[in-house]
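Presented below is the structure to which this report refers.
The values are calculated or read from the model by the stated rules, or taken from the named source; none is laboratory data. Computed from a prediction, not measured in an experiment: that's the story for all the values here. Here the Cβ positions follow ideal geometry from the backbone for every residue, glycine too, while neighbour counts run over all protein chains shown.
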Amino acid sequence: MSATHDDAPVAARVRHVEALLEQRGWLAPGEIDERIDAFAAGGSPAHGAAITARAWVDPGFRARLLADANTAIGELGYSMAGGLQEQQLTVVANSEDEHHVVVCTLCSCYPIALLGPSPGWYRSEAYRSRVVREPRAVLRDFGVELPATTRITVWDASAESRYMVLPRRPDATEGLDETALAGLVTRKGLIGTAVV
Amino acid sequence: MADRFAPGDRVRTRIADPPHHTRLPRYARGAHGEVVGTAGHHPLADERARGLASAPRAVYHVRFRAADLFGEGDHAVVLELWEDYLEPTGEETRP
Amino acid sequence: MSRINDVGGMLGFPAVVEEPDEPAFHADWEAHVVALNAALLRRGVYDLDEFRDAIERMPPQEYLASSYYEKWFRAITTLLAEKGIATPAELAGELAGG
């Protein structure tokens, strides 16, 4: 892990390659800093939370979201077009008897344009190897114990779509407005390793 | 060209391990599953990774029982797979 | 190819551990690597599948010993060399007065 070993040599090498590419015209001056700022200002789990809350209070929106997520999130001003090209977003809804979990076993595909950078555990070999094979055990790593009767579906992002889980609305939240509901939604809930 | 598969079709994934980048994970090779959705048309990753021109072709959501992938487990796994990775099994499940 | 990245279903990896209050990046250079990759993809120096392929071609023991963004940087320099943008020696900083 980068936090546990000395990364000064790699930091120096990155600076060197950047300078070399800039010198040869493969990078524009200031381009890297602009991209870093744009990335930081891009996706956020708050966007997924807002989408979830709207789906909880508006059945029409929920139906549109599950049928064509890219168009539906546009209603709230969000898009999957943050990268090289717009990516297809597929939203899968948890229900009383089915729970969804998202992974990318081959690399680390994640809806970055919408939700921002993925958490480190999502990119770990431990998560990627185990969740397709023993999702209940992995969910227990996260402190989640689902009823034995709940069917689990794991979505492996092996091609071009990116996935977001639509969590179930918690009980006894009838009195909450959309903003308060969004406040209940976590990043893990949007990946499927938590219930909301 | 018409798509080769439609939701409800039973398919089997390719067994061979190609000598290059691919997006069919080894745990899902030679496995029987069901097409449960379509995921657009995209150039094949195997070809793009080698710098080859690649025409868009159909990509599907294919659902597998964990027991059919690992010999155990009561869950399901859905992968998104290019049609190149799939062949029909001949099993008729569509009404 | 069944390469080291293809870990789905493998047994033996440990429990999943979350990092509390995890930052988007643990060091500035990681953000620079992400930006560098985005710039080179945008310029068409290589495509995303070539980038993934370059990560997957890492020797397995190095893949497993490298952090996430170390893998990325390794793939970027591999591709820059293969595409003739710079030699491995230039990328390693071994020229320009040594």
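For the range C:10-17, does any single residue satisfy the condition of being facing chain A (nearest Cβ under 7 Å), of a type outside the set (Phe, Trp, Tyr) and closer than 30 Å to B:TYR85 by Cα? Within the range C:10-17, one or more residues are facing chain A (nearest Cβ under 7 Å), of a type outside the set (Phe, Trp, Tyr) and closer than 30 Å to B:TYR85 by Cα.
Residue-wise test of (1) surrounded by fewer than 17 Cβ atoms within 10 Å (Cβ to Cβ); (2) hydrophobic (A, V, I, L, M, F, W, C).
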position	(1), (2)
B:ARG14	no, no
B:PRO19	yes, no
B:ALA53	yes, yes
B:GLY71	yes, no
B:HIS75	no, no
B:LEU79	no, yes
B:GLU83	no, no
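Just so you know, in the range A:70-117 the residues that are among the hydrophobic types (A, V, I, L, M, F, W, C) and in contact with a Pro (Cβ under 8 Å, 6 or more places away or on another chain) include one that is farthest from A:ALA182 (Cα to Cα), and it is A:LEU106. Pick from C:ALA86, C:ALA81: which is more than 14 Å from chain B (Cβ to nearest Cβ) and not in a helix (DSSP H, G or I)? Only one candidate qualifies: C:ALA86.
Among residues belonging to the range C:18-62 that are closer than 24 Å to A:SER158 by Cα and exposed (fewer than 12 other Cβ atoms within 10 Å of the Cβ), point out the one that is farthest from the other protein chains (Cβ to nearest Cβ). Filtering first and then ranking leaves C:PRO59.
Looking at A:PRO147, is it at the interface with chain C (Cβ under 7 Å from one of its Cβ atoms) and farther than 20 Å from B:ARG63 by Cα? I'd like the intermediate steps shown before the answer.
Details: at the interface with chain C (Cβ under 7 Å from one of its Cβ atoms): no; farther than 20 Å from B:ARG63 by Cα: yes.
When the stated conditions are applied, A:PRO147 does not pass them.
Count, please, the residues in the range B:24-46 that happen to be of a type in the set (D, E, K, R) and over 24 Å from B:GLY90 (Cα atoms).
To start, the set of residues in the range B:24-46 that are of a type in the set (D, E, K, R) comprises B:26, B:29, B:34, B:46.
Then drop every residue that is not over 24 Å from B:GLY90 (Cα atoms), which leaves B:46.
Looking only at that region, the number is 1.
Residues checked against (1) part of a strand (DSSP E or B); (2) among the hydroxyl-bearing types (Ser, Thr, Tyr); (3) modelled with pLDDT under 95; (4) at positive phi:
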position: B:ARG23; (1), (2), (3), (4): no, no, no, no
position: B:TYR27; (1), (2), (3), (4): no, yes, no, no
position: B:ARG63; (1), (2), (3), (4): yes, no, no, no
position: B:ALA67; (1), (2), (3), (4): no, no, no, no
position: B:GLU87; (1), (2), (3), (4): yes, no, no, no
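Here A:LEU146 meets each of (1) under 25 Å from C:MET10 (Cα atoms); (2) surrounded by 22 or more Cβ atoms within 10 Å (Cβ to Cβ) with one exception, condition (2). Within the range A:65-102, the residues that satisfy the criterion of being among the β-branched types (Val, Ile, Thr), farther than 13 Å from A:ALA55 by Cβ and more than 14 Å from chain C (Cβ to nearest Cβ) are A:THR71, A:THR90. Within the range C:38-65, how many residues are farther than 19 Å from A:CYS109 by Cβ and of a type in the set (Gly, Ala, Ser)? So the count comes out to 3. Of the residues examined, B:VAL36 is not one that is β-branched (Val, Ile, Thr), in contact with a Gly (Cβ under 6 Å, 6 or more places away or on another chain), touching a residue at least 40 places away in the same chain (Cβ under 8 Å) and in a strand (DSSP E or B).
For residues that are more than 13 Å from chain B (Cβ to nearest Cβ) and in contact with a strand residue (DSSP E or B) (Cβ under 8 Å, 6 or more places away or on another chain), scanning just the range A:114-143, find the one that is surrounded by the fewest Cβ atoms within 10 Å (Cβ to Cβ).
A:TYR122
Here B:ARG65 does not fit the description of being over 11 Å from the mean Cα position of the chain (by Cα) and within 8 Å of another protein chain (Cβ to nearest Cβ).
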